[in-house]
Amino acid sequence: MEMPTVTMQVIPMEHGLLLAAILFIMGMVGVLTRRNLVFILMSLEIMLNATGLAFIVASSHWGQVDGQIMFLMILSLAAAEVAVALGLVLQLFQKRKTLDINVLGEMKG
Amino acid sequence: MSVLFYGSAIIAVLATLLVITRTNIVHALLYFIVSLLAIAVIFYTLGAPFAAALEIIVYAGAIMVMFLFVVMMLNLGQVTQDQEKAWLTPSVWIGPSIMAVPLLVAVIYAINLNQEQMAHTVVGGKEIGVALFGPYVLAVELASMLLLAGLVGAYHLARK
């Protein structure tokens with residue numbers, strides 16, 4: 001390995017995973033409780049970010065690069081998802097003048 | 001490093017809690033950026049400096065700015081904020097929150113089944129580059145196709 005090995009104080013793996021789980025659950029509660037479309041998208045981002053954190057923790061645990069590769073994939077997925085979803089939000093807002101998902105849910109296909 | 005990890009973890013959790021409880025979208029975005037910066041510090045303490053840099057550049061930089069642009073284009077005023085305040089009553093959020101707690105408990109139980117320690121190694125950008133264009137080159141191509149599809153989709157949707 002080319003990189004210098006830095007001696008760190010060891011952090012237990014479950015603490016990292018615990019943080020990822022807490023962030024994920026908070027994002028899920030956000031998706032379930034908010035009715036504004038932009039807030040729902042933001043909560044989805046929180047959930048994706050928590051998943052990426054779990055991958056980084058696993059990568060750090062095994063000292064391998066694969067978890068960080070998965071994080072990069074999640075990052076590109078989040079970017080593509082946000083681009084399309086925000087385009088949809090703009091279109092829906094122009095048509096209905098609201099971001100309330102209860103109103104937007106009446107589209108009937 | 002340990003202090004840095006736990007301090008950043010507390011900041012990340014608090015900032016995320018503030019994100020999902022704000023009524024003003026711009027305030028929520030700013031707290032989300034704080035949360036992302038804290039998570040970037042956590043990545044750094046876990047020996048992933050490249051991921052930490054990408055977290056700031058792509059998430060806090062690009063994606064949050066995209067959200068901000070959309071919020072500016074939507075031009076939501078005080079009315080929306082009052083509506084949000086009216087929606088965010090305890091009767092709305094208490095049910096999902098209580099139902100989410102057993103899931104969290106289950107995950108905590110599963111995590112605590114085997115106690116493991118983190119490795120001491122730092123995995124830098126060079127290893128990631130070698131792996132990306134070695135065994136994972138197909139994943140890179142697929143991600144590029146996904147981003148292209150996202151670009152075309154966003155262009156089509158945002159067109160007048």
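Here are the numbers for the structure shown:
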{"quantity": "Failed condition for B:T45, given (1) free of Cβ contacts under 8 Å to residues at least 24 places away in the same chain; (2) of a type outside the set (G, A, S); (3) crowded, with 16+ Cβ neighbours inside 10 Å", "calculated": "(1)"}
{"quantity": "Of all residues in the range B:128-141 being surrounded by 13 or more Cβ atoms within 10 Å (Cβ to Cβ) and more than 7 Å from chain A (Cβ to nearest Cβ), the one that is nearest to the chain's Cα centre (by Cα)", "calculated": "B:V140"}
{"quantity": "Any hit, the range B:103-124, residues being at the interface with chain A (Cβ under 7 Å from one of its Cβ atoms), more than 30 Å from A:V10 (Cβ to Cβ) and surrounded by fewer than 15 Cβ atoms within 10 Å (Cβ to Cβ)", "calculated": "no"}
{"quantity": "Hits in the range A:20-35 - residues which are more than 7 Å from chain B (Cβ to nearest Cβ) and β-branched (V, I, T)", "calculated": "A:V31"}
{"quantity": "Filter result for B:A53 (surrounded by fewer than 17 Cβ atoms within 10 Å (Cβ to Cβ) and touching a Gly at 6+ places or on another chain (Cβ under 9 Å))", "calculated": "yes"}
{"quantity": "Selected residue (criterion: farthest from B:G150 (Cα to Cα)) from residues of the range A:26-75 that are in contact with a helix residue (DSSP H, G or I) (Cβ under 9 Å, 6 or more places away or on another chain) and in a loop (DSSP other than H, G, I, E, B)", "calculated": "A:Q64"}
{"quantity": "Among the candidates B:G150, B:G124, residue that is under 23 Å from the mean Cα position of the chain (by Cα) and modelled with pLDDT of 85 or more", "calculated": "B:G150"}
{"quantity": "Any hit, the range B:82-94, residues being under 30 Å from B:F5 (Cβ atoms), of a type outside the set (S, T, Y) and within 7 Å of chain A (Cβ to nearest Cβ)", "calculated": "yes"}
{"quantity": "Test: residue in the range B:64-83 that is part of a helix (DSSP H, G or I), at pLDDT below 90 and touching a Ser or Thr at 6+ places or on another chain (Cβ under 6 Å)", "calculated": "yes"}
{"quantity": "Selected residue (criterion: nearest to the other protein chains (Cβ to nearest Cβ)) from residues of the range B:16-32 that are buried (at least 21 other Cβ atoms within 10 Å of the Cβ) and among the aliphatic types (A, V, I, L, M)", "calculated": "B:I20"}
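The values are calculated or read from the model by the stated rules, or taken from the named source; none is laboratory data. Please read these numbers as outputs of a predicted model, since none were measured by experiment. When we count neighbours, we look across all protein chains shown, and the Cβ atoms used for this are built from the backbone with ideal geometry, even at glycine.
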